[in-house]
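Okay, so here's the structure we're looking at.
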There are 2 protein chains.
Amino acid sequence: MNSLEKLLQRIIQRVNINLREFEIDVAPYIDKLVSIKQLETVHGFYAVSPQHTLDFRFSHSNLAGSYFLGKCRTSNTILFQSDIRGDELKKKGDIFRMAGFAIPLTKNEGIRIEDSLLIKTLIHNFSHDPETPERFTISNTVSTHYANIHGSPTDGSFLGPFATVDLTTVNDCIIGPYCYIQAGEINHCNIASGTVWVRSPGNFNFLYRFPEHGLKPYINFEPGRQPDGEFIDFTDRYSMAFESIFATVNREVPIPVPDTASLDRFAAVCPQTTIADNVLVAQRCFLKKSRLGKGANAQENCFIINSRLKGYNVTAHGAKVIDADLGAEVFVGFNSFLRGQNCGLKIGKKSIIMPHTIIDCTSLIIPPATLVWGLITCEKDLQKNSISLKKLKKINQGFSAGNLLFEGSGKSFVQTFRNRIQHILEANGAFYNGKKGKGHAQKNQHISFNIIQPYSEGRKKGLYPTMVIKP
Amino acid sequence: MNSLEKLLQRIIQRVNINLREFEIDVAPYIDKLVSIKQLETVHGFYAVSPQHTLDFRFSHSNLAGSYFLGKCRTSNTILFQSDIRGDELKKKGDIFRMAGFAIPLTKNEGIRIEDSLLIKTLIHNFSHDPETPERFTISNTVSTHYANIHGSPTDGSFLGPFATVDLTTVNDCIIGPYCYIQAGEINHCNIASGTVWVRSPGNFNFLYRFPEHGLKPYINFEPGRQPDGEFIDFTDRYSMAFESIFATVNREVPIPVPDTASLDRFAAVCPQTTIADNVLVAQRCFLKKSRLGKGANAQENCFIINSRLKGYNVTAHGAKVIDADLGAEVFVGFNSFLRGQNCGLKIGKKSIIMPHTIIDCTSLIIPPATLVWGLITCEKDLQKNSISLKKLKKINQGFSAGNLLFEGSGKSFVQTFRNRIQHILEANGAFYNGKKGKGHAQKNQHISFNIIQPYSEGRKKGLYPTMVIKP
């Protein structure tokens, strides 16, 4: 057993010990997920930029195909094609305000990943945990394909494919495939697949669960095999488009990009795509025959195909928008899968598509200012899984509809979402006017990428050398 | 003035202060040599390998297009497309023997480059300086296109294009274009262009100088302009062949390579080229329609075109062999330029082509076991600039021929060369028999290359971040 294989065994043991109460062995889930050969041969990246903290330390790790931005540490960790985005880390001197506390930072916040295996996982650093404001740690954790650890310190946990933990501290939990959890803090939970849970204690609680038979064709994850289903098939279908992008050191910009916009050097763009001012297109995005209006964004792992986004649209991490026409300010949440045919899917302006929503039908018209969730394959599903924001705002004591249980204040729920969308657009530079309001779209333009590879032979084959990178 | 421009000014000042006795200002020589734009955009590399010491520290430097192998440090330095090869550095615990001393190494030897500007320069680490066995330093130095600092600690010096200092400690010297100096130690010398000087105190002294009018068409270097002449035109002609090689992260091997041989991932090879067992082809080599027999090598920056190398040939750094047929064990020294037409140039076995020899004629036959030097454009030149090794061995009191002055023992000279050739072949693995005799050809097969880039914007634009790389 070489060093890399030993490291994998170490991580599996760490996770199993943490999850012992659930009597789960994660090994059979992991065995087929990543080939040692791939880990040994795929190269990683880190970003050099004057706009972001430059502070990396990688030790005893494999970082195949992964990408790092901002202050990041890895030790005893295997990352495969993961994105570790540290561009919103808090800085020394910042005051972090939470629950009436004003917490001063005495050093730059950093992302630390220890004793973990993350596969195609997106880490975004905007952590809300007030207990460790200077350190956002992921430890003793296995996270699988296209999971999203979004500002969520995570310890001793196992995340299924396309699972999202969002601004939630997670300790000793199993998060099933395609779960979306935004709950502040959770401990020792085993959350069934397809659970969408948004909680704000004292304000509201949104809890939906996908019907099991309805979700399986999209994502299915069983021990001893790779995850499968339409989500996997879909991304696999386009994987070729990224090959040459990741194999070359620098590349030409494939379409015109306004000075105020940012098209990531690792995004795949086919012709007949246009992007307007203040647009942000993040890495591993795929754009084809689409128009992104002013201030729209396509975050990491998004696919936008044959579609029009009117402007100020948020297309959150991993969302797919195919043959759709989206009005202004439409928000599409994490990992949503929206697929019409011949642009037959129309979503009215200011609508909110909840994270982890599947809309898969030839044509459908969603009125403006509508909240939409869950699995929708026909008009009838839409009636059951949507509510106008106007109506929702009037709800004080909750309601239930189909698989959804909503408790608390609709007004608070809508306001919380609106605030978050506003923050996202601001952070991405959607409102930049040439002077004020710079965000990622403007700041992410001048980044160099350094390429890192592991030892290709010997005892340490597949391990990366120790690297310390500073300004 | 940004940080990179300030750094360039600092280096120029350092060199001028060191060379003040010669009243030279190196600034006009440097102004046109490298564009700041290139320094800001070209990427560098370092090698990750289990066979070589992995220990890098880069600080406040620009490393555009440069390559590092082994223990290397840079600070306040600009390197442009240079190769820094540390694969023969002495190791902790080694005993370095010199002049009756046995010097134990208490730590790994490292290459240190400080306050210097090196352009397309090759650094090879096999240092013979007994005064600093653990540190091979290049400081306060400007070195220009295709210069070769071959195991030569160098301080306060200025090297012209295609100059070579070989196993020579150099302090406060100007080394003119196409000079070859192998003299143990030199101080405060201003050496005119085209000087070939090989000295072994008490044994022999070989001193040749190219006729000025004869050398100019090949290499010409004047203040305020790029170096020009056939050497530059020739390398420029083939530069396109390297573009895609340096632009991709990894590449397919273009021709079959025996298990015992090594074709560097940064060498350019056209079809109809074959390489036999134990062959070493180093980076930035260009091979076309040629055959390299068993144990032959083509070292960094060599061009071998329409030629046959019978076997156990040394083609030293920067040598060019075009339309030539080389017998077994022919040695071609550094930066030699050998060009026939239609394979009309034939060099008999065991001949020694001195470093910095130009043979440029349609057809010429050099008998076996001949020493050849200087500028040869016709049969008549050959008569003047060659001697059979048999005859040379009998010389005890020196001789002169044309521009050559030879003093001392011919036997000692030949023996010294033979020993060195043997060492080179051994070090390169030419004699590997499947069990014993591993050298660079066998050890250089499993190297990964990490790609490094500078800040692309801001105050530090063009400077690389500080990097510390360890196993």
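Output the residues belonging to segment B:254-281 that are within 14 Å of chain A (Cβ to nearest Cβ) and under 19 Å from A:Thr248 (Cβ atoms). Matches in segment B:254-281: B:Arg265, B:Phe266. Across segment B:90-111, the number of residues qualifying as in a strand (DSSP E or B) and open to solvent by less than 70 Å² (accessible area, probe 1.4 Å) comes to 6.
Flag not set for B:Ile353, criterion: touching a Leu at 6+ places or on another chain (Cβ under 6 Å), at negative phi, open to solvent by less than 30 Å² (accessible area, probe 1.4 Å) and not assigned by TED's automatic domain parsing to the domain that holds B:Ala163. Number of residues in segment A:174-200 that are open to solvent by less than 10 Å² (accessible area, probe 1.4 Å) and either over 25 Å from A:Ser66 (Cα atoms) or free of Cβ contacts under 8 Å to residues at least 60 places away in the same chain (or both): the value is 9.
The set of residues in segment A:300-350 that are within 27 Å of A:Ile149 (Cβ to Cβ), of a type in the set (S, T, N, Q) and without any contact (Cβ under 8 Å) to a residue 60 or more places away in the chain comprises A:Asn313, A:Thr315, A:Ser336. Assessment of segment B:325-336 against the conditions (open to solvent by 10 Å² or more (accessible area, probe 1.4 Å) and part of a strand (DSSP E or B)) yields at least one matching residue.
Could we say that B:Tyr238 is in contact (Cβ under 8 Å) with a residue 24 or more places away in the chain, among the hydroxyl-bearing types (Ser, Thr, Tyr) and buried (at least 17 other Cβ atoms within 10 Å of the Cβ) here? For B:Tyr238, the condition - in contact (Cβ under 8 Å) with a residue 24 or more places away in the chain, among the hydroxyl-bearing types (Ser, Thr, Tyr) and buried (at least 17 other Cβ atoms within 10 Å of the Cβ) - is not met. Put simply, of A:Leu382, A:Leu405, A:Leu375 the only residue that is open to solvent by 70 Å² or more (accessible area, probe 1.4 Å), hydrophobic (A, V, I, L, M, F, W, C) and away from chain B (no Cβ under 14 Å) is A:Leu405.
Across segment A:458-471, the qualifying residues are those that are surrounded by fewer than 18 Cβ atoms within 10 Å (Cβ to Cβ) and farther than 22 Å from B:Phe58 by Cα, and the one among them that is farthest from the other protein chains (Cβ to nearest Cβ) is A:Arg459. Kindly evaluate B:Pro50 against the criterion of being assigned to a loop (DSSP other than H, G, I, E, B), open to solvent by 10 Å² or more (accessible area, probe 1.4 Å) and over 18 Å from B:Phe242 (Cβ atoms). Here the answer is yes, as B:Pro50 does meet what is asked. Note on segment B:55-81: residues that are closer than 17 Å to B:Thr144 by Cα and without any contact (Cβ under 8 Å) to a residue 60 or more places away in the chain total 4. Condition check for B:Thr168 on (1) more than 26 Å from B:Glu407 (Cα to Cα); (2) within 16 Å of the chain's Cα centre (by Cα); (3) of a type in the set (Ser, Thr, Tyr): one failure, at (1).
Being open to solvent by less than 40 Å² (accessible area, probe 1.4 Å), away from chain A (no Cβ under 13 Å), among the β-branched types (Val, Ile, Thr) and outside any strand (DSSP E or B) is the requirement here; does B:Ile84 meet it? Taking the combined requirement at face value, the residue does not satisfy it.
If you go through segment A:1-47, how many residues are closer than 24 Å to A:Ile84 by Cα, open to solvent by 70 Å² or more (accessible area, probe 1.4 Å) and assigned to a loop (DSSP other than H, G, I, E, B)? Selection size over segment A:1-47: 2.
Take A:Gly214 and tell me if it is among the small types (Gly, Ala, Ser), assigned by TED's automatic domain parsing to the domain that holds A:Thr195 and either farther than 24 Å from A:Gln81 by Cβ or at pLDDT below 95 (or both). Taking the combined requirement at face value, the residue satisfies it. If you go through segment A:133-156 one residue at a time, do you hit one that is in the same structural domain as A:Asn18 (by TED's automatic domain parsing), open to solvent by 10 Å² or more (accessible area, probe 1.4 Å), in contact (Cβ under 8 Å) with a residue 60 or more places away in the chain and basic (Lys, Arg)? Checked segment A:133-156: no residue is in the same structural domain as A:Asn18 (by TED's automatic domain parsing), open to solvent by 10 Å² or more (accessible area, probe 1.4 Å), in contact (Cβ under 8 Å) with a residue 60 or more places away in the chain and basic (Lys, Arg). Filtered by the rule that a residue be away from chain B (no Cβ under 11 Å) and open to solvent by less than 20 Å² (accessible area, probe 1.4 Å), segment A:418-457 gives A:Ile421, A:Leu425, A:Asn428, A:Gly429, A:Ala430, A:Gly439, A:His440, A:Ala441, A:Gln442.
The values are calculated or read from the model by the stated rules, or taken from the named source; none is laboratory data. Small disclaimer: the values here were computed from a predicted structure and weren't measured. Please note: Cβ atoms are built from the backbone with ideal geometry, for glycine as well, and neighbour counts cover all protein chains shown. Quick note on the areas: whole protein, heavy atoms, side chains included, nothing else; ligands and nucleic acids left out. Shrake-Rupley method; radii C 1.70, N 1.55, O 1.52, S 1.80 Å.
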